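Okay, structure first, notes after.
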Amino acid sequence: MKIYPIPAFDDNYLWLASAGERALVVDPGDARAVIRALTQHSLHLDSILITHHHADHVGGVAELVSRYGARVHGPRDERVGPVDDVLGDGDQLELPWLDVRFSVLEVPGHTRSHIAYYGGDALFCGDTLFAGGCGRLFEGTPAQMWHSLSRIASLPLHTRIHCAHEYTEANLRFALAVEPGNHALRARIRSVATLRAAGRPSVPSTLAEELATNPFLRVREPAVIARAQEHAGRVLATPVEVFEVLRAWKDVF
């Protein structure tokens, strides 16, 4: 399975995965960008995977289905639009032509019906987990998002995290405010700066990198707890409370 990022809009990544002459695309908010990539790589679109209903993730679906006859896989949510294969937690999506079987994880928090796809050592997680950060809580609760992130954190360390936005530099600046003594984080900031200066994507990352540097996955670390308590001005008794303080802080950072 070859995986390519397709830049779209200001900071989106649509993900194209292929084998032979067939391809799938994840969260195609921009049909034109997908068509250009398919043409460039001489690919035919077989499948569309949707993580959630936001327009920058589904806006190109109708045009791509009309042009290629692609089959749409996605969550149970009428806001996504027509879906051929409705998927929920624990479902398996097998694509023999791609030689991969995706496990579906329900990961609510950013939206109530958000799902992620894990297979072939790759995770397509939409706007739940970002490189160095996590999604805003538009429809879910802090407890839901923390549970969703915890599920992702239990995947193998070598899992490659294919998120949907180029937010990494801003996320890592916040992470440094939370954990200024984290040497792995400082090294990652330098590495990402080099990539971005060269015009290259900062993603995918690995789960190991996220566990070492992403404050939203590190809410049990003493340094992160202490900094969150300092910011909140009170004792935080649970990981969910620490997460809630960090997410609210990041919203205004």
Report yes if residue 152 is among the β-branched types (Val, Ile, Thr), more than 19 Å from residue 87 (Cβ to Cβ), modelled with pLDDT of 95 or more and not in a loop (DSSP other than H, G, I, E, B), otherwise no.
no
Scanning the stretch 1-18 for residues that are touching a residue at least 40 places away in the same chain (Cβ under 8 Å) and not in a strand (DSSP E or B) gives 1, 9, 11
The correct count of residues that are in contact with a helix residue (DSSP H, G or I) (Cβ under 8 Å, 6 or more places away or on another chain) and closer than 15 Å to residue 154 by Cβ in the stretch 179-215 is 4
When every residue in the stretch 19-54 that is in contact (Cβ under 8 Å) with a residue 60 or more places away in the chain and not in a loop (DSSP other than H, G, I, E, B) is compared, the one farthest from residue 72 (Cα to Cα) is 19
Of those in the stretch 194-207 that are under 15 Å from the mean Cα position of the chain (by Cα) and among the aliphatic types (A, V, I, L, M), the residue nearest to residue 8 (Cα to Cα) is 203
Is it the case that residue 93 is in a strand (DSSP E or B), touching a residue at least 24 places away in the same chain (Cβ under 8 Å), surrounded by 15 or more Cβ atoms within 10 Å (Cβ to Cβ) and in contact with a Gly (Cβ under 9 Å, 6 or more places away or on another chain)?
yes
Condition set crowded, with 21+ Cβ neighbours inside 10 Å, of a type outside the set (Phe, Trp, Tyr) and in contact (Cβ under 8 Å) with a residue 60 or more places away in the chain, scope the stretch 129-148, selection farthest from residue 18 (Cα to Cα): answer is 145
Cβ pairs under 6 Å, 6+ apart or interchain, first in the stretch 230-251 and modelled with pLDDT of 95 or more and assigned to a loop (DSSP other than H, G, I, E, B), second surrounded by 20 or more Cβ atoms within 10 Å (Cβ to Cβ) and among the small types (Gly, Ala, Ser), ordered by first then second residue, are 236/228
Inside the stretch 175-212, the number of residues satisfying the requirement of being assigned to a helix (DSSP H, G or I) and surrounded by fewer than 17 Cβ atoms within 10 Å (Cβ to Cβ) is 14
Taking the stretch 15-33 and the residues there that are crowded, with 19+ Cβ neighbours inside 10 Å and touching a helix residue (DSSP H, G or I) at 6+ places or on another chain (Cβ under 6 Å), the one that is nearest to residue 66 (Cα to Cα) would be 31
Over the stretch 209-229, the set of residues aliphatic (A, V, I, L, M), without any contact (Cβ under 8 Å) to a residue 60 or more places away in the chain and under 13 Å from residue 149 (Cβ atoms) is 211
If you go through 184, 237, 248, 228, the only one that is closer than 26 Å to residue 121 by Cα and small (Gly, Ala, Ser) is 184
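The values are calculated or read from the model by the stated rules, or taken from the named source; none is laboratory data. What you are looking at is a predicted structure, and each value in this text was computed from that prediction instead of being measured. Neighbour counts are summed over all protein chains in view; Cβ atoms, including those assigned to glycine, are modelled from backbone coordinates with ideal geometry.
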